[in-house]
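Novice: Next up is a structure, given as structure tokens.
The values are calculated or read from the model by the stated rules, or taken from the named source; none is laboratory data. Quick caveat: nothing in here was measured; it's all calculated off a predicted structure. For neighbour counting, all protein chains shown are included, and Cβ atoms are generated from backbone atoms with ideal geometry for every residue, glycine included.
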Amino acid sequence: MKLTVKLYGTLSRPFGDYDHGVGLGVSFTQKASIRDLLVHLNLIPKGIGMIFMDGVSVKMNTRLKEGARIKIFQPIFGG
């Protein structure tokens, strides 16, 4: 299963050659969830604000779909 992941805010910092125009290509050999994707990318769920798959907000246990476009946003802070 192949996906495209776009990271927003500071979430892309650990990926030195990250290109926001392209995103990250990620592959899984078996069924996986959003939580599995975060583990694969070494992203801590507490550091995540919202996640969308193909334009729809999803939860951690949502199953990934072949060819999905995932957008992961950091939490927004303000004052």
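Novice: Being surrounded by 13 or more Cβ atoms within 10 Å (Cβ to Cβ) and not hydrophobic (A, V, I, L, M, F, W, C) is true for just one of 13, 69. Which residue is that?
Specialist: Details: 13 fails: surrounded by 13 or more Cβ atoms within 10 Å (Cβ to Cβ).
None of the others qualify; the one that does is 69.
Novice: Let me ask something additional. Restricting attention to the range 21-42, and to residues there that are farther than 10 Å from residue 3 by Cβ and small (Gly, Ala, Ser), which single residue is surrounded by the most Cβ atoms within 10 Å (Cβ to Cβ)?
Specialist: Among those residues, the one meeting the criterion is 33.
Novice: Only one of 74, 30 is within 13 Å of the chain's Cα centre (by Cα) and modelled with pLDDT under 95. Can you tell me which? Outline the logic, then answer.
Specialist: On the way: 30 fails: within 13 Å of the chain's Cα centre (by Cα).
Only one candidate qualifies: 74.
Novice: Another question, if that's okay. Any idea which of (1) loosely packed, with under 13 Cβ neighbours inside 10 Å; (2) touching a helix residue (DSSP H, G or I) at 6+ places or on another chain (Cβ under 8 Å) is the one residue 18 doesn't satisfy?
Specialist: (1)
Novice: Quick one: what pairs do we get from the range 52-64, first residue over 19 Å from residue 74 (Cβ atoms), second among the aliphatic types (A, V, I, L, M) and in a loop (DSSP other than H, G, I, E, B), C-beta under 8 Å, 6+ apart or different chains?
Specialist: Hits for this filter: 54/68; 63/32; 64/1; 64/32.
Novice: Same structure, new question: When you go through 4, 10 one by one, which is the residue that is on the phi < 0 side of the Ramachandran plot, at pLDDT 95 or above and among the β-branched types (Val, Ile, Thr)?
Specialist: 4
Novice: Of all residues in the range 13-60, how many are aliphatic (A, V, I, L, M) and in a loop (DSSP other than H, G, I, E, B)?
Specialist: Qualifying residue count for the region: 8.
Novice: So, one more: Anything in the range 43-62 that is surrounded by fewer than 13 Cβ atoms within 10 Å (Cβ to Cβ) and either modelled with pLDDT of 95 or more or farther than 23 Å from residue 14 by Cβ (or both)? List them, or say none.
Specialist: Within the range 43-62, 54, 55, 56, 57, 59, 61 meet the criteria.
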